[in-house]
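Each value in this text was obtained by applying a stated rule to the coordinates, not by laboratory testing. Model, not experiment: these values are computed from the prediction. Here the Cβ is made from the backbone with ideal geometry for all residues, glycine too, and neighbour counts use every protein chain on show.
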Amino acid sequence: MISSIPIFFVMSNQFPIGIFDSGFGGLTVFKSIAEKLPQYNYIYLGDNARSPYGDHSFETVYQYTLECVEWLFEKGCPLVILACNTASAKALRTIQQVDLPKKYPNHRVLGVIRPTAEVIGNFSESKHVGIMGTRGTINSNSYPIEIAHFFPKHHVHQQACPMWVPIIENGEHQSEGADYFVKKYIEELLAQSSDIDCILLACTHYPLLIPKIQQQISKKIKLLSQGEIVADSLVDYLNRHPEIESKLAKNNLKEFYTSGDVDVFNNHASLFLGERIIAKNMIKKP
Ligand code: DGL
């Protein structure tokens, strides 16, 4: 009988999944996650006021990311996905190894680099993979290190693209100005090896540049973004972790928060997600 269910059980499955990015980029991952797992409740947080993270130090990215993760924990999320390569490269390890065991032993934080590294090698026949990311992600060497665990014979060629996130965050990704920087970074990557047959967009913002990137590469080169890869990996994680899955609310609700300007977020976010968004500001007004 429903009335005999203890209160703590009724209350236990009411929590949303948190999705975090420095800005809008994580929405490309969120889109795939929400398509694959529409039943759950989600809170998306974009730290647009402090974006881009790409050129910030390890310490700064860690501090900003931890603040946002703790904010999502306070909102009730037992599980937070860092839908940001820069935060995954610079902050995830410390959060998982230091902050969670010390302060939040029942919470989980997952990133986007490991699930991508687990599968990327399957997309390359030549065993030469190109990685395009922010300076922070590329300089961290996270991708070559992680890919070597799963595909030790693959060669990883990296290219930092520091202008791409600012172009996208400012809504200029379809402009002629964007063509110059797309061509420049693609040429620099492909100059590293003529054997590259697979390029990973290792920044969650970059899918918005796909039409322009495709104009610069041969059809033989596979262009990969992370949305589906991360969504598949989350499905697998929730199957393997019923202690987390059983805490999650399943009312198909989505909430959006930004540390930046709400109107700007609403306008840009709909481009990334393909649906109208009404966001709130994360900073509570007195
Ligand atoms: N979407 C973030 C990533 O995947 C962008 C980082 C930034 O803010 O520079 O790396």
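Express in nm, to one decimal, how much length is gained between Ser270 and Arg240 on full extension, taking 0.36 nm for each residue of separation and deducting their alpha carbon distance.
Result: 7.5 nm gained on full extension.
Report, ordered by chain and residue number, the aspartates and glutamates lying within cross-link reach of Lys31, taken as a straight Cα distance under 16 Å and ignoring same-chain residues fewer than 8 apart.
Asp21, Glu228, Asp232, Glu255, Glu275
7 Å from Cα along Cα→Cβ at both Lys153 and Asp263: what's the point-to-point distance in nm?
The modelled label-to-label distance comes out at 5.8 nm.
At what distance in angstrom do the alpha carbon centres of the stretch 121-150 and the stretch 171-219 lie from each other?
Spelled out, the Cα-based centre of one part sits 16 Å from the other.
With r as the distance between the Cβ atoms of Gln192 and Tyr104 and R0 = 51 Å, compute the FRET efficiency 1/(1 + (r/R0)^6) and round to 0.05.
0.80
Counting other Cβ atoms within 10 Å, keep those with at most 13, restrict to DSSP loop, and tell me which chymotrypsin sites (Phe, Trp or Tyr not before Pro) in the stretch 35-72 are left.
Sites meeting the loop and neighbour criteria: none at all.
What does the charge dipole of the stretch 114-225 about its Cα centre add up to, to the nearest 20 debye, if the Cβ of each Lys and Arg holds +1 and the Cβ of each Asp and Glu holds -1?
220
Which one, Ala87, Ser32, His241, projects farthest toward the positive side of the charge dipole computed for the chain from Cβ point charges (K/R +1, D/E -1)?
His241
DSSP loop trypsin sites (Lys or Arg not before Pro) in the stretch 195-252 with at most 10 other Cβ atoms within 10 Å of their Cβ, which ones?
Lys219, Lys220
Filter the chain for me: DSSP H helices, axial length by Cα at least 27 angstrom, mean Kyte-Doolittle hydropathy not below -1.0. List them by residue number.
Both cut-offs are met by no helix.
Name the GluC sites (Glu not before Pro) in the stretch 179-286 that are in a loop by DSSP and that have at most 11 other C-beta atoms within 10 Å, would you?
Passing sites in the stretch 179-286 are Glu275.
List, in the order given, every pair from Lys75/Lys280; Lys90/Lys184; Lys90/Lys222; Lys153/Lys183 whose Cα-Cα distance in the structure shown is over 24 Å.
From Lys75/Lys280; Lys90/Lys184; Lys90/Lys222; Lys153/Lys183, over 24 Å: Lys90/Lys184; Lys90/Lys222; Lys153/Lys183.
How big is the Cα convex hull of the stretch 114-225 in projection, averaged over all directions, in nm²?
That works out to 6.2 nm².
Could you work out the relative contact order of the chain, using alpha carbon pairs under 8 angstrom and six or more residues apart, expressed as a whole percent?
In percent, rounded to a whole number, it is 27.
Any idea how far apart Asp179 and Ile278 come out in nm if each label point goes 7 Å out from Cα toward Cβ?
It is 4.0 nm.
Please report, in debye to the nearest 20, how large the charge dipole of the stretch 150-194 is about its Cα centre when each Lys and Arg carries +1 at its beta carbon and each Asp and Glu carries -1 there.
In debye, rounded to 20, the stretch 150-194 gives about 300.
Considering the zone a paramagnetic label at Phe58 would reach in this model (a point 7 Å from Cα along the Cα-to-Cβ line), which residues of the stretch 122-164 have amide N under 17 Å from it?
So the set is 135-146.
Kirkwood hydrodynamic radius, computed over distinct alpha-carbon pairs, for the chain: how many Å, to one decimal?
Computed over the chain, the radius equals 19.4 Å.
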